[in-house]
Amino acid sequence: MDADSFRESIETAKRTQLDRLGSSKLLLALTDADLSEPAVLRAAAYSEHAARGTFEGWAADESDEEARAAFEATAAQEAEHLDRVLDALDEEVDLPDEPGVMHAYLRGREDTVERAAAGMVGRGLVSIRTHTQVIGFFVNEADEPRADLFRDLKAETEETLTTGLDLLADRCETDEDWERARMVAEYVVQLAYDDYADGLAELGVDPKPLC
């Protein structure tokens, strides 16, 4: 397996979950059905805050020099994303102490391959779809500056995902390495989906698309 086929295998195996995470219902789950601009921006800020904490923690104890540099760069990028979202929100926000289900799992990863696969690829695939929905929301609100902000964030998240794939390509020497990477990446997508589905269930909304 190589990096491109790895990404393709995750997207194929988790197509249903990723498609549903990429639906307009995502923002309902993230905002508890408060589809106002401040609520959407707060949800985005919470996500960037959690990601910053995850990558800062990894950078602090990662023994692989190249991976540590990648985690440090990603932590700095997530901190910048958080600042930009908070600037767009322009109100005081109490950022949560708890990381949420997905990031709680990520923070328990201690192996370099698992960190790259779960945190940069699995989480990246979820985050790209989140950014897409936020972009669409602000386009519908005729708020092009904020739509452009999240276009930038999405592009930078794609770059982080590519960095994760490059790390895996250099470190997965056997089929067993790729399999371990695949399992944790798919598990992160599943965790994100289950959290999304649970959030919709609490609102009385079916996560399955209407036919």
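Each residue of segment 198-206 in turn: what ³J(HN,Hα) in whole Hz from Karplus with 6.51, -1.76, 1.60 and θ = phi - 60°, glycine and Pro shown as x?
The phi angles translate into 5, x, 5, 4, 5, 8, x, 10, 7 Hz.
Would you work out which of 16, 145, 93 lies farthest towards the positive end of the dipole of segment 3-203? Charges go on Cβ: Lys and Arg +1, Asp and Glu -1.
Checking the options against the dipole of segment 3-203, the answer is 16.
Defining a contact as two alpha carbons under 8 Å apart and six or more residues distant in sequence, what relative contact order in percent does segment 3-203 show?
Answer for segment 3-203 is 33 percent.
Where in segment 89-125 does the label zone of residue 141 land, with the point 7 angstrom along Cα→C-beta and an amide N cut-off under 11 Å?
89-90, by backbone N distance to the label point.
For segment 103-164 and segment 26-85, what is the separation of their C-alpha centers, rounded to whole Å?
The distance from the Cα centre of segment 103-164 to that of segment 26-85 comes to 8 Å.
How big is the Kirkwood radius of the chain, worked out from every pair of different alpha carbons and given in Å to one decimal?
17.3
Which of the GluC sites (Glu not before Pro) found in segment 173-211 are in a DSSP loop and have at most 13 neighbouring Cβ atoms, other than their own, within 10 Å?
173
Only the coordinates and a few stated rules stand behind these numbers; no lab work does. Source: prediction; values computed, not measured. Glycine also receives a Cβ, built like all others from the backbone with ideal geometry; neighbour counts cover every protein chain displayed.
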